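Beneath this line is the structure, given in structure tokens, with notes to follow.
The values are calculated or read from the model by the stated rules, or taken from the named source; none is laboratory data. Everything numeric here is computed off the predicted structure, so don't read it as measured data. Neighbour counts are summed over all protein chains in view; Cβ atoms, including those assigned to glycine, are modelled from backbone coordinates with ideal geometry. Please note that ligands, DNA and RNA were not included when accessible areas were found on the heavy atoms of the full protein model with its side chains. Shrake-Rupley method; radii C 1.70, N 1.55, O 1.52, S 1.80 Å.
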Amino acid sequence: QPKEQTMNELSREIYRRVGIANHEAAERMLTAWMADSVFGLAHQLWCKGYSIIPLSADGKRPVRKWKRFQTEQCTLAELIEWFIDHDFAPAIVTGKLSGITVIDCDNSEAADYWFEYGGDWYAEQNTKRGRHYVHRWAGERNTVDLHAIAGIDRRGEGGYVKAYPQSMNWPDARTVNA
């Protein structure tokens, strides 16, 4: 969605919550929402065309059924519910809709291997234990122990990865896959 349209939707939701005549409260709420690191991360990735889902606060499991988000993006109202009204962590759905395949390296040895031999990745992010390397999606599905190496998994169609702050630097999904 264009950023202007998204900001209009955000404003409508805020005014719905605080009342149409309460401009100062609406401005404070909008400022707070945009300053919230979790909502800000989810919102920015969503605006870039990535499909976003909510994970439990520990960032391990989806808290909602998410098959729908393999073929369509969530709504702005869902983003607000998940990341403002609840304490969920954002994840990026991999595969066709987001246009990415992510190589999930679970430790530094796996990350070093993929850095050396992994081909043409265009973005990356550090994780708690390792690193994610982002590739253009080319029809891949999920694979455990990619290249028969423990600790390297591929997240393609039907997968997701937790979004970390570095993913804000990823390019727009629509331009990478054009």
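Shown here: Cα Rg over 2.2 N^0.38 Å, derived from the displayed model; of the candidates (i) 1.58; (ii) 1.10; (iii) 1.88, it corresponds to (ii). For region 47-87, the solvent-accessible area with a 1.4 angstrom probe is 50 square angstrom per residue. Extending 7 Å from the Cα toward the beta-carbon at both residue 113 and residue 81 defines two label points whose distance is 4.1 nm. For the chain, the number of Lys pairs separated by eight or more positions or lying on different chains, with C-alpha atoms closer than 23 Å, is 15. The angle between the Cα long axis of helix 37-47 and the main principal axis of the chain comes to about 80°, on a 0 to 90 degree scale. The dipole here belongs to the chain: it is taken about the Cα centre, uses +1 on the Cβ of Lys and Arg and -1 on the Cβ of Asp and Glu, and is about 460 debye.
From helices alone, the chain scores -9500 deg cm²/dmol at 222 nm; the rule is -39500 (n - 2.57) for each run of n ≥ 4 DSSP H residues, then divide by the residue total.
For region 106-148, the alpha carbon positions stretch 27, 23, 19 Å along the principal axes, listed from largest to smallest. In the chain, the longest principal axis of the Cα atoms and the axis of helix 3-18 are about 50 degrees apart. Cα axis of helix 23-35 to longest principal axis of the chain: angle in degrees, 0 to 90, nearest 10? On a 0 to 90 degree scale, this one is about 10. In whole percent, and with a 1.4 Å probe on the protein chains, what portion of the accessible area of region 1-77 is carbon and sulfur? Here carbon and sulfur together make up 54 percent of the probe-accessible area. Taking the charge dipole of the chain about its Cα centre, with +1 at Lys and Arg Cβ atoms and -1 at Asp and Glu Cβ atoms, the residue from 73, 98, 46 reaching farthest to the positive side is 73. Taking a sphere under 11 Å around the Cβ of residue 141 and counting the other residues whose Cβ falls inside, with K and R at +1 and D and E at -1, yields a net charge of +1.
Ranked by the mean number of other Cβ atoms within 10 Å of their residues, highest first, the peptides 153-160, 66-73 come out as 153-160, 66-73. Note: relative contact order over region 1-149, using C-alpha pairs below 8 Å and six or more positions apart, is 18 percent. Heavy-atom accessible surface of residue 6, to the nearest 10 Å², is about 0 Å², with a 1.4 Å probe and all protein chains retained.
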